[in-house]
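So the structure is just underneath, and the comments pick up after that.
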Amino acid sequence: MKQPVVTVAAMRESDAYTIAHLVPSKTLMYRAAMGVALAVEWKGRIGILAGSGNNGGDGYALACILADRGVPCELWRVSEKFSEDGQYYHDRAVEKGVPVSRFTPETALEDYDILVDCLLGTGFAGTPRDLFQKAIQAINASGAYVVSVDINSGLNGDTGLGELAVRSDLTVTIGFLKTGFFQGDSAAVIGALTVADIGIRLLEAAYFLEEGETLPFPLRSIPLEDVSGSDPILVEKETR
């Protein structure tokens with residue numbers, strides 16, 4: 001089966017269309033987190049590093065899912081800011097008793113078995129600075145099994161270039177493959193790739209990946225029915 005590969009702009013437009021016409025944004029965020037939850041065998045000490053945007057929101061939603069499943073985890077905030085949906089799931093995670101700490105340049109991550117990278121999403125371009133730079137360096141130095149959500153933080157979603165990027169054992173990308181996965185520095189920092197279908201209506205694909213095409217990393221997919229089977233009842237539709 002052919003798989004669509006999309007640009008960052010096309011993904012953003014498809015996401016916005018889906019939210020406006022089909023699926024509430026908080027439900028999409030929950031499904032994204034569920035895709036990550038299903039892709040990993042959770043064990044040992046788990047840390048989730050969250051940034052300020054919806055990528056960070058995916059991390060907060062993941063913490064809620066793990067808490068509901070009795071899987072202990074800890075959240076590290078790398079920004080004081082939240083997206084609206086990120087704030088919603090952050091608050092739910094706190095209510096569920098998930099420990100939340102502020103990441104600092106002195107924070108050490110070597111004691112974790114699994115680290116989840118929810119720092120910077122596909123819209124990021126450039127070189128990470130300040131706490132984001134320190135967080136990426138700490139993840140890469142940790143020795144933990146690393147899971148990047150949607151894209152490895154620091155990579156450009158269109159070009160795959162990244163002067164400083166998280167090195168993941170697994171990247172769980174949301175909705176569709178991104179053009180940056182097949183060029184630039186991606187092959188050097190992505191260990192394996194999983195695509196989680198969360199029900200986004202695709203408006204435009206850059207091209208399609210042919211079945212059987214040789215890739216620099218293992219690729220698998222998680223279908224929509226797996227991530228949407230436990231959709232929670234959420235508040236009314238809001239812009240993501």
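The values are calculated or read from the model by the stated rules, or taken from the named source; none is laboratory data. Keep in mind that this is a model prediction, so the values were computed, not measured. Cβ atoms come from the backbone with ideal geometry, glycine included; neighbour counts cover every protein chain shown. With ligands, DNA and RNA removed, areas are computed over all heavy atoms of the protein, side chains included. Shrake-Rupley method; radii C 1.70, N 1.55, O 1.52, S 1.80 Å.
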Is at least one residue of the range 111-123 at pLDDT 95 or above and either farther than 29 Å from ASP185 by Cβ or open to solvent by 30 Å² or more (accessible area, probe 1.4 Å) (or both)?
yes
Matching residues in the range 137-164 - criterion: being within 14 Å of the chain's Cα centre (by Cα) and of a type in the set (A, V, I, L, M, F, W, C)
VAL146, VAL147, VAL149, ILE151, LEU155
With the structure loaded, tell me whether SER101 is outside any helix (DSSP H, G or I) and either open to solvent by less than 70 Å² (accessible area, probe 1.4 Å) or not hydrophobic (A, V, I, L, M, F, W, C) (or both) or whether it fails that test.
yes
Restricting to the range 1-26, what's the tally of residues that are in contact with a Phe, Trp or Tyr (Cβ under 7 Å, 6 or more places away or on another chain), open to solvent by less than 30 Å² (accessible area, probe 1.4 Å) and not in a helix (DSSP H, G or I)?
3
Answer residue from the range 126-141, given it is in a loop (DSSP other than H, G, I, E, B) and open to solvent by 10 Å² or more (accessible area, probe 1.4 Å) and is farthest from ARG77 (Cα to Cα) among those
GLY126
Selection from the range 27-67 of residues that are outside any loop (DSSP other than H, G, I, E, B) and out of contact with any Gly (no Cβ under 9 Å at 6 or more places or on another chain)
TYR30, GLY35, ALA37, LEU38, ALA39, ILE46, GLY47, LEU62, ALA63, CYS64, ILE65, LEU66
Looking at (1) farther than 17 Å from GLY56 by Cα; (2) out of contact with any strand residue (DSSP E or B) (no Cβ under 7 Å at 6 or more places or on another chain), which is the only condition ILE190 fails?
(2)
Looking at the range 192-214, can you tell me whether even one residue there is over 29 Å from VAL23 (Cβ atoms) and either surrounded by 15 or more Cβ atoms within 10 Å (Cβ to Cβ) or under 19 Å from the mean Cα position of the chain (by Cα) (or both)?
no
